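Have a look at the structure below before the remarks.
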Protein chains: 2
Amino acid sequence: MAPGIPNKKKTDEQSSKENFIHLCNPHLDKMKEDILYHFALGTGTHDFPALFGDVKFVCVGGSPSRMKAFIVYIAEELGLGSPGCDYPNICAGTDRYAMYKVGPVLSVSHGMGIPSIAIMLHELIKLLYHAKCSNVTIFRIGTSGGIGLDPGSVVITRESVDATFKPQFEQVVLGKTVIRSTNLDEQLTKELMQCSIEIGQFHTVIGNTMCTLDFYEGQGRLDGAICLYSEEEKLQYLKEAYDSGVRNIEMESSVFAAMCNLSGVKAAVVCVTLLDRLEGDQISSSHDVLVEYQKRPQKLVGYFIKKSLGKV
Amino acid sequence: MAPGIPNKKKTDEQSSKENFIHLCNPHLDKMKEDILYHFALGTGTHDFPALFGDVKFVCVGGSPSRMKAFIVYIAEELGLGSPGCDYPNICAGTDRYAMYKVGPVLSVSHGMGIPSIAIMLHELIKLLYHAKCSNVTIFRIGTSGGIGLDPGSVVITRESVDATFKPQFEQVVLGKTVIRSTNLDEQLTKELMQCSIEIGQFHTVIGNTMCTLDFYEGQGRLDGAICLYSEEEKLQYLKEAYDSGVRNIEMESSVFAAMCNLSGVKAAVVCVTLLDRLEGDQISSSHDVLVEYQKRPQKLVGYFIKKSLGKV
């Protein structure tokens with residue numbers, strides 16, 4: 001069942017070396033055991049290479065039920081597992097995150113916001129390291145607010161920018177602010193765009209993604225419990241964002257890009273837009289419409305994985 | 001079942017007026033309908049005054065299962081509901097947050113980190129406002145890392161401070177940083193301390209709580225996927241925190257205090273410490289020990305609610 005190294009046409013770079021996880025932490029090798037507390041997994045209790053050694057694609061998203069739906073979808077697409085079979089939550093010992101696996105694909109929930117996804121990524125990167133995984137690609141598949149796009153459009157992130165439209169992430173380390181790059185893999189972005197053209201089912205653009213620390217005031221919404229600015233100020237801010245190249249707003253991409261960068265893991269962010277923020281703030285589409293929208297990043301990344309494995 | 005206004009001995013201030021939620025948003029009254037998207041509730045589809053109008057105490061915490069356990073516990077303590085009866089998740093239409101209610105007590109999960117609890121609080125404060133609730137007290141009951149305290153100690157927060165030990169919260173609004181106060185109710189803190197003395201089952205202190213945006217580098221851990229500082233630098237930082245009055249570290253108290261302040265809601269933060277960060281970084285106590293620790297804030301706040309309702 002486990003396919004090992006993907007059977008895809010390799011580029012020169014990929015065939016010349018295996019990319020292992022780069023762990024930026026000299027302290028870790030001194031530890032006898034590593035407890036990944038928020039996954040309820042540990043190197044003393046779980047055989048990471050046996051459980052996860054064949055992982056090549058990791059998909060992360062906010063909602064646990066969406067990440068479960070993704071593993072069912074990708075299992076079917078890849079012809080792995082039998083129809084209707086259940087995928088147990090690997091992190092069943094905690095309700096902080098949910099994790100599912102089929103063949104070379106791992107699907108993990110990360111909750112909402114930079115701190116929540118950062119905890120998950122610290123433990124995920126260590127998991128992949130302990131498992132001796134190589135040539136891993138990580139995708140964030142999520143939801144977002146669009147700017148100047150029809151709802152349901154998919155944005156593949158060129159650069160993740162902060163609330164002042166700069167492509168950077170401010171990490172506080174021991175009380176001091178450190179600036180980190182939010183670069184994403186340009187080639188991977190282009191390959192995903194090509195996949196969307198081949199699928200031909202929904203509108204997809206490559207654009208900048210603004211990553212904020214807040215859903216209401218941080219994104220200029222008028223419908224939070226606190227709002228001390230006018231509609232004109234809101235629209236001016238969103239138009240400035242648009243003019244700087246921002247096409248959607250979410251709450252996790254900057255730390256995701258920064259941490260994957262530092263760990264030497266190829267990464268991409270693919271989010272569907274649930275509304276056009278130039279038209280409003282409330283997410284008022286019907287449940288069924290929203291459910292269909294949320295499948296689009298799954299379809300796009302699913303197609304990419306299939307293609308990478310030579311199954312398209 | 002619904003007790004209306006708590007039957008406690010009222011102070012002059014409380015008996016002279018009812019404290020309604022103060023909504024710092026002039027735009028909201030212009031909206032025909034308000035969809036609380038992350039709760040899957042809306043004023044057009046749910047009768048908020050009927051569902052929530054009698055709420056006087058709201059307890060929030062990170063983990064959905066812990067918040068369900070709390071509603072079962074408090075129902076039993078208050079003699080409401082029958083033993084073994086189930087409490088449905090009011091937010092069953094989404095997996096972003098979980099919400100439970102019994103009598104005057106609402107229990108809501110908030111995930112991990114400032115952005116995650118902030119989304120929940122925006123929608124919770126609007127919920128209480130739409131429901132026309134009055135004289136509400138909100139408690140965060142959570143877990144934390146202690147500094148210089150035995151694991152299992154409970155900290156009632158005097159002031160929530162940032163990573164530089166200042167009692168403030170930086171909110172980014174339309175790309176600009178605004179500083180907000182993280183004041184908590186001093187009288188409520190003292191009353192909670194008195195409750196802990198009356199219970200007499202675990203060590204409790206009043207101290208400052210440091211609220212960080214990150215669990216690993218932000219809290220000086222040596223066991224994350226990224227760590228570019230030494231053990232000496234870590235210990236120096238934690239000792240500086242201790243010397244400034246910090247007794248525990250968590251990831252939600254600052255925005256919790258700031259938003260409750262602005263909305264005119266009495267609030268307190270009660271967290272148990274799962275480890276002493278001067279001794280290590282990994283949470284390695286046994287599952288059973290951690291489960292018992294996590295019940296302590298529930299016991300303390302549960303006792304306070306019972307006492308407020310004249311049931312002690």
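The values are calculated or read from the model by the stated rules, or taken from the named source; none is laboratory data. What you are looking at is a predicted structure, and each value in this text was computed from that prediction instead of being measured. Neighbour counts run over all protein chains shown; Cβ positions are idealised from the backbone, glycine included. We work out accessible area using only protein heavy atoms, side chains counted, and drop any ligands, DNA or RNA first. Shrake-Rupley method; radii C 1.70, N 1.55, O 1.52, S 1.80 Å.
What the table below lists for this structure:
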| quantity | calculated |
| --- | --- |
| Filter result for the condition that a residue is open to solvent by less than 10 Å² (accessible area, probe 1.4 Å) and assigned by TED's automatic domain parsing to the domain that holds A:L222, over A:S116, A:S109, A:S160 | A:S160 |
| Scan of the range B:277-304 for residues that are touching a Leu at 6+ places or on another chain (Cβ under 7 Å) and over 17 Å from A:I35 (Cα atoms), ordered by number | B:L278, B:Y293, B:L300, B:F304 |
| Neighbours by Cβ (under 8 Å, 6+ apart or cross-chain): first from the range A:163-191, closer than 22 Å to B:F215 by Cβ and free of Cβ contacts under 8 Å to residues at least 24 places away in the same chain; second part of a strand (DSSP E or B) and of a type in the set (F, W, Y) | A:I179/A:F169 |
| Within the range A:163-190, considering residues that are β-branched (V, I, T) and under 16 Å from the mean Cα position of the chain (by Cα), the one surrounded by the fewest Cβ atoms within 10 Å (Cβ to Cβ) | A:T189 |
| Single unsatisfied condition, A:D86 versus (1) of a type in the set (D, E, K, R); (2) touching a Pro at 6+ places or on another chain (Cβ under 8 Å); (3) modelled with pLDDT under 95 | (2) |
| In the range B:135-175, the residues that are of a type in the set (G, A, S), in a loop (DSSP other than H, G, I, E, B) and away from every other protein chain (no Cβ under 11 Å) | B:G148, B:G152, B:S153 |
| Candidate set: the range B:191-249, residues that are in a loop (DSSP other than H, G, I, E, B), over 23 Å from B:P167 (Cβ atoms) and open to solvent by 30 Å² or more (accessible area, probe 1.4 Å); chosen: the one nearest to the other protein chains (Cβ to nearest Cβ) | B:L228 |
| Where a residue in the range A:82-99 is more than 14 Å from every other protein chain (Cβ to nearest Cβ) and its partner, wherever it lies, is assigned to a loop (DSSP other than H, G, I, E, B) and open to solvent by 30 Å² or more (accessible area, probe 1.4 Å), with Cβ under 8 Å and at least six apart | A:Y87/A:G81; A:M99/A:N89; A:M99/A:I90 |
| Residue match in the range B:229-248 (condition: touching a strand residue (DSSP E or B) at 6+ places or on another chain (Cβ under 7 Å) and under 19 Å from A:G113 (Cβ atoms)) | no |
| Residue within the range B:280-296 that is touching a residue at least 60 places away in the same chain (Cβ under 8 Å), within 27 Å of B:V58 (Cα to Cα), crowded, with 23+ Cβ neighbours inside 10 Å and not small (G, A, S) present | yes |
